[in-house]
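Read the structure below first, then the notes.
The values are calculated or read from the model by the stated rules, or taken from the named source; none is laboratory data. Please read all numbers here as calculations on a predicted model, not as lab measurements. Glycine gets a Cβ as well: all are built from the backbone with ideal geometry, and neighbour counts include every protein chain shown.
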Amino acid sequence: MSVLFIKPNAKKNQYGRVVHLSAIEPPVWLALLAQATPGARVIDMEAEGLDIAGLLARLGAEAPERAVILSTGTHPSAHIQQAEVSEALRVALVQAFGIKVDVYNYLPFEPVEAGAIDLGLLPVEKYRAHNWHAWGRKDRSYGATFASVSCPFTCEFCCVKDFYKAGYVQRGPELVARDIQAYVQRGVTNFKMMDELFVINNPGVHAVCDALIASGLGPKINIWAYARIDTVTPDLLKKVRAAGIRWLAYGIESGNEKIRAGVLKGRFDNNKIREVIQMTKDADISIVGNYMFGFWDDTQATMQETLDLATELNCEYSNFYCVSVYPGSALYGAMQAKGVDLPLTSEEFSQMSPNFKPVPTEHVSGRDVLQFRDRAFNAYFSSARYLAMMEGRFGRNVVEEIKAMTAINIREKA
């Protein structure tokens, strides 16, 4: 039986006017799912720039006997972003070809047992890194692999375990190194480590780093990965840098310690955050700081605390998000119980969409949360101190890119 595995294309809805700055990421889960089926074919609608009509035209008379759609969103916790386009695609395929179409908004297999990624299924040359990830480099070529699935921690606002349907499990380090070597042979130099939390001080992570160091690829590649403030040490940072990890993303979330503790985001205080950020900079690793505005206890003052901490830390990139209340998270049920008017459509869940719907706090309206977030973004990336640091680190061209980025009004419809 011929089976077609499809990554839907909701890119424009998710990113609006900044779609060109976003990454186009290899659909690793889809490829691993497909390679277990003999003769399977993958069509990545996002990488190919296809809408539903374009996909049907591409298929023409070569209709598969069955199709599988994996709906993941910009992140596993955000799979609801692709819900509507996935359903529309399912209906179109059934109507056009009368075939069976399965849609999954969770991971329906065990990826750690699937072996190395078969890159022959994917249009590797069409993937691109985030704009920030490639700053100071010659190209935005992009690959992705993983060393574990799910997460060993539980944060109230997160629903990744609803996607993985599993606890934290590590993958063989030799498979990670093999994946990256296969990408490099195809000209890829920038990589995402897909793990919900990669940098944690345990034997499995050390083994992955050792395998990458032994491969000799460390000086040539540019990997970004997630870490936590309470999971790194100076020796571990030194090792991950030698393995080619040049960017780490930390979930700092709030500058207010009580709010951070209230959403189960670690027991570290702001001084510990300052210490670890400096430790990471000392290891010559660039940093993505992740922050959120709009926790239930947030006020204008506590949101300002978050912006003030971000400005003080002066990371090479900072993501400023409004709190999103995703189905499957503990926060979703809590907000429902409070009678909060929650997002319903895919675009209302998409942070960069002009139709994004922010949720209110106990003290601040959703509209004011969103306005604060947008002002914070522009204030941070327009800071003279930040731009001077970036020019010294990456050069004048990157500063001009940042200025062009801040000139975009993401709330204006394209």
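General remarks:
- Qualifying position, being hydrophobic (A, V, I, L, M, F, W, C), more than 18 Å from Leu21 (Cα to Cα) and loosely packed, with under 13 Cβ neighbours inside 10 Å, among Ala404, Ala384, Ala376: Ala384
- Members of the stretch 111-150 found to be modelled with pLDDT under 95 and part of a helix (DSSP H, G or I), listed by number: Pro111, Val112, Glu113
- Strands (runs of 3 or more DSSP E) completely within the stretch 1-78 that count 2 or more residues being under 29 Å from Ser324 (Cα atoms): 3-7, 66-70
- Single residue of the stretch 244-286 satisfying the filter (part of a strand (DSSP E or B) and among the aliphatic types (A, V, I, L, M)) that is farthest from Gly216 (Cα to Cα): Ile252
- Checking each residue in the stretch 333-350 for being over 18 Å from Val263 (Cα atoms), touching a residue at least 60 places away in the same chain (Cβ under 8 Å) and of a type outside the set (Ser, Thr, Tyr) picks out Glu347, Phe349.
Here is a yes/no grid of residues against (1) outside any helix (DSSP H, G or I); (2) modelled with pLDDT of 95 or more; (3) assigned by TED's automatic domain parsing to the domain that holds Lys138:
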{"position": "Val364", "(1), (2), (3)": "yes, yes, yes"}
{"position": "Leu370", "(1), (2), (3)": "no, yes, yes"}
{"position": "Arg373", "(1), (2), (3)": "no, yes, yes"}
{"position": "Phe377", "(1), (2), (3)": "no, yes, yes"}
{"position": "Tyr386", "(1), (2), (3)": "no, yes, yes"}
{"position": "Arg393", "(1), (2), (3)": "no, yes, yes"}
{"position": "Val399", "(1), (2), (3)": "no, yes, yes"}
{"position": "Arg411", "(1), (2), (3)": "yes, no, no"}
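- Residue in the stretch 86-105 that is farthest from the chain's Cα centre (by Cα), counting only those that are buried (at least 16 other Cβ atoms within 10 Å of the Cβ) and within 30 Å of Tyr168 (Cβ to Cβ): Val103
- Residue count for the stretch 19-70, restricted to those that are within 29 Å of Ile223 (Cβ to Cβ) and either among the small types (Gly, Ala, Ser) or out of contact with any strand residue (DSSP E or B) (no Cβ under 8 Å at 6 or more places or on another chain) (or both): 14
- Consider the stretch 204-218 and keep the residues that are out of contact with any strand residue (DSSP E or B) (no Cβ under 9 Å at 6 or more places or on another chain) and not aliphatic (A, V, I, L, M). The one that is surrounded by the fewest Cβ atoms within 10 Å (Cβ to Cβ) is Gly216.
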